[in-house]
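Some notes on the structure that comes next.
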Amino acid sequence: MNETAARTTAHDTPSRTAHSPRHRLGAALAVLLSAMALLFAMSPLAVADSTAGGDMQVAQTLGDRELTVILRRVTGVPGPLHVDVITHTGTSAGRLTLAVTPTGVSTSASAASASGTDVDTAVVTLGSRPGSYSGVLDVTQVGPWELSLSDGTRTATIPFVVSKQTTSPAETAVYVGFSGAGVLLLVTVLVAVRVRRGWWTLVPAGGLVACLAVAVTGALLSSRLPLPPSQGGQVDATVDGVRDPYAYVGQQTSDYSRPPATLLLWSSTVRAGKVDDLRLTLSDASTGLPVDDVVAHDGALLHLLVIGPSGQLWHLHPIRTSAGEFEVPLSLPEAGHYALSAEFERRGGGIQQLRSATGIDAVSDSGAAARTTSGDAPTHAGAGSRTVAGVRVRLTASSPVAGKAAVLTARVGDTATLQPWLGMLGHLIVVGPVSPAAAVGTATQGAQVWAHSHSMGTVSGGTHDMHGMEGTAGMEGMKGMETGPSSASSSSSDMNSMSGLTSVNGDSTADETVAAYGPDVSFVYTFPTAGHYRIWIQAERDNTVLTVPYLLYVTGTSEKTP
C-alpha cells in the first residue's frame, strides 16, 4: 500500500511541476491584460464640439429675417449636430434648408475625398411666432466644417470646427508610467514569491522605479508645457491638426497675428425706400487676397452698424457668401447719407473695427419722394425715459466728464425677463462728438469716436463694486460708484444676476432661450473728449431687440456741468 502511494505521488509530482510555469504565465498575462484595459479606460474619449469649448452662436441677417443660429456642442464623432434657429418678433414664417460640409485638408485619402461634399441636410420650418426651431444633422469626422442655411434665395455659410479631446504627450507619459508601474509591481511580488534567487526581483523592481519616474516627470511637466496652437482659433484648422494638435509642425511662434483687413463696398449708392443688397468685401491689407479667416466674435461673423440721417441705427449681421464676401439686404427709409462701420475678428489677428470712408448715399428713385422718418434722434441732451416697442426704458447717467469713467444704467421694463443677445445682456454704441443740429448720418460719418461696448452687469441698490478698476480714481463719491463692504455685497449679487453669461470650465453660456436677466443693464465707458455724443442702447426682451437712442453732453475736465 505504501509503495502504491509512493508511485502515485512520484507520478503526480512532475505533472504539477510541468503545469506550474503555465500557471505563472497565465497569471502574468491576466495582469498585463488588466493593466492594458486600465490604460485604455483612463485614456480620453474622442469627443468633439463646434467651438472647442461650448455651443456656438452666430447671428445672421438672412433676407428680411434676423436670426440667431446656435450650433450645439457635438458629443461624439460620428454623431449628431443639433442646430437651433432662434427667430425674433417680425420674422416671417418659412423653410430653411440646412447642410453640413467638411472643408478641411488632410493627408488621409478618405477625409480629403469627403471635403467639399455635403454630408447631411435637414429642413427647419420657421413658425410665425418668435422662438426656437431645431434641426439635426450628422457629422462624420473631426476638423473644419461649414454649415449652410438657405431660404431659397440666399445662402449663408458658417464655418465651424468639430474638435477632438486629445491627450498631451506629458499626460500620455503619466498614463503609461503608472500603468506600467502597476504591472511591474505585481510581477515583482510574483517573482519574489516564486523564485528562490532573490536578486531576480531586482529586474522588475528596477522597471517599476523607472515607470514611476516617467509618470512623476510627466505629471510635473503636464502643467508647464505650452499648449499647442488652437486649431481654428490661432491657426487655420486642418483635419490632421485637429486629430493631433501636438503633432502640428507649422508656425512655431507665440505671435499668430495677421495683417489688418480692408473693407470695400461694392456700391456706395442705393435707392431710398427700396430693398437693395449691400455687398461687402474684406481683403488682406498685405496680400490683397480675400479674407477667409473670419471667426465668430460676440455671436456673429460680422457686425455691421448703419446710422441714418434721422438717427436710426441698424445693427445687422451680413451673411458670408464666399471667401471674404458678405451680403445683407438694406431697405433705407429716407434719402440722405448713412454712415457705416464693420466689426469682426480674424483668426489670430484680433478684433478689428473698420469704418467705411464713403458711407452710403440713399437717393430717391425716379424723383419719387422716399418716406421720411422723424423722432429717432433726440434733439435735447440728457438721460431720462423713452418708450420703444411698448417697453419703457429709463436711462440714468451721472454727469459724464471727459477722460473719466462714467456709469450708464438703463432699466429696460420692470421685470427680470431680459434675454442675452449676441452673448451679451446689453450693447452700447457711442458716436461723437457731433453737432446735435446736423443730420445724424452726415455728422457721424466724420465723428472721431465710434465705440461698441457691452454691459458689465446690473447695479443692485444703486451701487456697484468698482474698487481697483482702472480709471475710477476720484469716483468714490459718484452715485452708483461707491466702494466698501456694502458695494462688495452688491457686487456679489451682481455676479449672481449675471450667472450663465460667462463660460465656466468649458460650459456653454446662456443664449436667447433664457429670459431671466435685468431689468437693469449697466455700462462703464470713458468718453475721451468733451462734446455731444449720440448713443444707442440695445437689449432683447420678449424676443424683440430694442434700440433706444439718446443724446448726451460730456463736459470737459475744467468745465462746469450745464
How do V235, V123 rank by accessible surface area computed with a 1.4 Å probe, from largest to smallest?
V123, V235
Segment 269-344: relative contact order as a whole-number percent, Cα under 8 Å and 6+ apart
42
Order these peptides, 125-137, 395-407, by their mean beta-carbon neighbour count within 10 angstrom, highest first.
395-407, 125-137
Whole-percent pair-distance distribution, where bins are 5 Å wide, for the alpha carbons of segment 81-228
2, 8, 12, 11, 9, 8, 7, 7, 7, 7, 6, 5, 4, 3, 2, 1, 1, 0
Of all accessible heavy-atom area on segment 121-214, the percent that carbon and sulfur account for (1.4 Å)
63
Got a number for the accessible area of E146? Probe 1.4 Å, square angstrom, nearest 10.
50
Convert each backbone phi in segment 387-399 into a coupling constant with the Karplus relation 6.51 cos²θ - 1.76 cosθ + 1.60 (shift: θ = phi - 60°), then list the ³J(HN,Hα) values in order as whole Hz, x for Gly and Pro.
10, 10, 6, x, 10, 7, 10, 10, 9, 10, 8, 5, 2
Find the Rg to Rh ratio for segment 142-281, where Rh is the Kirkwood radius over alpha-carbon pairs and Rg uses the same atoms.
1.35
Give me the compactness ratio for segment 169-248, meaning the Cα radius of gyration over 2.2 N^0.38 Å.
1.62
Going by accessible area, probe 1.4 Å, with all protein chains left in place, what is the ranking of D520, D240, largest first?
D240, D520
Among 408-416, 224-232, the order from most to least packed when residues are scored by Cβ within 10 Å on average
408-416, 224-232
Taking the Cβ of S453 as the centre, find all other residues whose Cβ is under 13 Å away and add up their charges (Lys, Arg: +1; Asp, Glu: -1).
-2
Please list, in chain and number order, the residues 5+ apart from T417 or on another chain whose amide H is under 5 Å from its amide H, with Hs placed from the backbone.
Y517
Got a number for the accessible area of Y175? Probe 1.4 Å, square angstrom, nearest 10.
60
Considering only protein heavy atoms and a probe of 1.4 Å, how much of the accessible area of segment 269-414 is carbon and sulfur, as a whole percent?
46
Counting sequence-distant residues (5 or more places) and residues on other chains, those with an amide H built under 5 Å from that of E66 are H88
Would you calculate the convex hull of the Cα atoms in segment 122-197 and tell me its volume per residue in Å³?
185
At 1.4 Å probe size, with every protein chain present, just tell me what the per residue accessible area of segment 137-179 comes to in Å².
37
Equivalent ellipsoid semi-axes - Cα gyration tensor, segment 202-359, angstrom:
51, 14, 12
Calculate, for segment 194-245, the solvent-accessible area per residue in square angstrom, rolling a 1.4 angstrom probe over the heavy atoms of the protein chains.
64
Put M56, M424 in order of accessible area, largest first, 1.4 Å probe: what do you get?
M424, M56
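The values are calculated or read from the model by the stated rules, or taken from the named source; none is laboratory data. Source: prediction; values computed, not measured. Cβ coordinates were reconstructed from backbone atoms using ideal geometry, including for glycine residues, and neighbour counts include every protein chain displayed. Heavy atoms of the whole protein, side chains included, go into the accessibility calculation; ligands, DNA and RNA do not. Shrake-Rupley method; radii C 1.70, N 1.55, O 1.52, S 1.80 Å.
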